[in-house]
Amino acid sequence: MGILGALWEAVRGAGGTVLSIAMIVIPLMVVVEYLREWRVFDRLADRLAPGVGRLGLSGQAAFPLAAGAVLGLSYGSGLIIESAREGRITRHEAYVLTALLAPCHAIFEDTLVFVPLGVNPFLLLGVRAAGAFFLTLALIRIWQAIQGPGDPGASRRAGRTSR
Amino acid sequence: MIASAQPLARGLRKGLQTTWILAKAVVPTYIVVYFLAKTPVLDIIGRLAAPLLQVIGLPGEAALPLVLGLVMNLYTAIGALVPLELGVKEATIIAVILSTAHNLPMETAVTRQIGVSAWFSLGIRLGLAFALALIIHLVWKV
């Protein structure tokens, strides 16, 4: 195979890789836009609100968590920064949200891009999400041990979000 | 509920934009790695990284896509990963590491804006990525 043949092989391989990712990314973006249009994230947050209490988070934190998990870290962080500035989430909650979202965000995009390599998407997302969840639980235990008894999220648990 | 066409147009536009951004990362990386794989360079990098990567069941040549993913982004890493033609177990271990920890300089800057220390977000991501990779390597018997 000459240099031109090799170059053609490389360009074809690169183009094929871009195409297989495009076939995932473009439909995904359309689905996410509809999810946003139909306010699925707000409803998801309402569903999540009781569950996140176990992680020492208030209902206020459920919306940035749901949006960041699906749309990505920059989007989730934007919402967290906004909520923190308006005093709707505490510093402790900001750390808990980061422990969850920094390792586990954009769960559809970051998972599906590995499918062309033969990776099972359910296994990949399952391992990643479980890892982030149990890591956060462990960190909460450690923080509680340091700060002594008492639930850091309790003081802000009163108001539920209805965004 | 009536499905408006606006989200469709927005989604298509964003999808095409993202594809263009990733093409700019994937195509050059893929071509460079494709030719690098034919030279001893990748071999040398691989042999240097092999003892470390062996712990989590990866061949030395996986060092390049790992570093590219950790420092840059997933698409650049995938561009470097495809020409290496790794097995499914190896690809899964790399996918777990990189989906957990990628684009670290930029994303750590983002989490700092929340008021969270850079050491905290870097530590949990790299620590978790390594721990999960080790678990998969030990549990997954080919």
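The values are calculated or read from the model by the stated rules, or taken from the named source; none is laboratory data. Just so you know, these numbers come straight off a predicted model, no measurement behind them. A quick note on method: Cβ atoms are made from the backbone with ideal geometry, for glycine too, and the neighbour counts reach across all protein chains shown. When the accessible area is computed, the model is the full protein with side chains, heavy atoms only, and any ligands, DNA or RNA have been set aside. Shrake-Rupley method; radii C 1.70, N 1.55, O 1.52, S 1.80 Å.
Grab the Cα-Cα distance for B:Q54 and B:L126, subtract it from 0.36 nm times how many residues apart they are, and report the gain in nm with one decimal.
Fully extending the segment from B:Q54 to B:L126 adds 24.2 nm.
Does anyone have the angle between helix B:40-54 and the longest principal axis of chain B? Alpha-carbon axes, 0 to 90°, nearest 10?
90 degrees
Can you compute the modelled spin-label distance between A:V115 and B:V32, with each label point 7 Å from Cα toward Cβ, in nm?
So the label points at A:V115 and B:V32 sit 2.9 nm apart.
So how exposed is A:M29, as accessible area in Å² (1.4 Å probe, rounded to 10)?
30 Å²
Report, as an integer, the average count of C-beta atoms from other chains found within 10 Å of each Cβ along A:132-139.
For this peptide, the per-residue mean of nearby foreign Cβ atoms is 2.
As I understand it, the dipole of the protein assembly as shown uses +1 on the Cβ of Lys and Arg and -1 on the Cβ of Asp and Glu, about the Cα centre. Which of A:L57, B:G127, A:S77 lies farthest toward its positive end?
Checking the options against the dipole of the protein assembly as shown, the answer is A:L57.
On C-alpha positions alone, give me the angle between the axis of helix B:118-139 and the longest principal axis of chain B, in degrees, nearest 10.
Once rounded, the angle reads 60 degrees.
Got the relative contact order for the stretch A:32-116 handy, in percent, Cα pairs under 8 Å and 6 or more residues apart?
Worked out over the stretch A:32-116, it gives 26 percent.
Which one of A:L117, B:I97, A:L19 is farthest out on the positive end of the charge dipole of the protein assembly as shown, using unit charges on Cβ (Lys, Arg +1; Asp, Glu -1) and the Cα centre as origin?
Comparing the listed Cα positions along the dipole, B:I97 ranks first.
Can you tell me the dipole magnitude for the stretch B:7-133 around its Cα centre, using point charges on the Cβ only (Lys, Arg +1; Asp, Glu -1), in Debye to the nearest 20?
460 debye
With axes computed from alpha carbons, what is the tilt in degrees of helix B:88-100 against the longest principal axis of chain B, rounded to the nearest 10 within 0 to 90?
Helix B:88-100 sits at roughly 60 degrees to that axis.
For chain A, return all DSSP H helices satisfying: extent of Cα atoms along own axis at least 27 Å; mean Kyte-Doolittle hydropathy at least 0.5.
A:3-37, A:121-147
Magnitude of the Cβ-charge dipole of the protein assembly as shown, K/R +1 and D/E -1, about the Cα centre, nearest 20 debye?
680 debye
Report the FRET efficiency, 1/(1 + (r/R0)^6), for A:V11 and B:I44, where r is their Cβ-Cβ distance and R0 is 35 Å, rounded to 0.05.
Working from the Cβ atoms, E equals 0.85.
Can you send over the solvent-accessible area of A:E9, 1.4 Å probe, protein chains only, in Å² to the nearest 10?
Counting only protein heavy atoms, the figure is 70 Å².
Using a Gaussian network model of chain A with C-alpha springs under 10 Å, which one of A:A138, A:A14, A:A45 is most mobile by mean-square fluctuation?
It is A:A14.
What ranking of A:L123, B:L84, A:L19 comes out by heavy-atom accessible area, probe 1.4 Å, highest first?
A:L19, A:L123, B:L84
With an 8 Å Cα cut-off and a minimum separation of 6 or more residues, compute the relative contact order for chain B in percent.
Computed value for chain B: 21 percent relative contact order.
Compute the separation of the alpha-carbon centres of the stretch A:71-85 and the stretch B:71-142 and state it in Å as a whole number.
22 Å
Which value in nm describes the separation of the simple spin-label points at B:V88 and B:Q6, placed 7 Å from the Cα toward the beta carbon?
The modelled label-to-label distance comes out at 4.4 nm.
To the nearest 100 Å², how much accessible surface do chains B and A hide from each other in total, with a 1.4 Å probe?
Looking at B and A, the buried total is near 4500 Å².
Between A:R43 and B:A109, what is the label-point separation in nm under the 7 Å Cα-to-beta-carbon projection?
Result for the modelled spin labels: 3.8 nm.
Please report the carbon-and-sulfur percent of the accessible area for chain A; probe 1.4 Å, protein heavy atoms only, DNA, RNA and ligands left out.
Percent of accessible area from carbon and sulfur atoms in chain A: 65.
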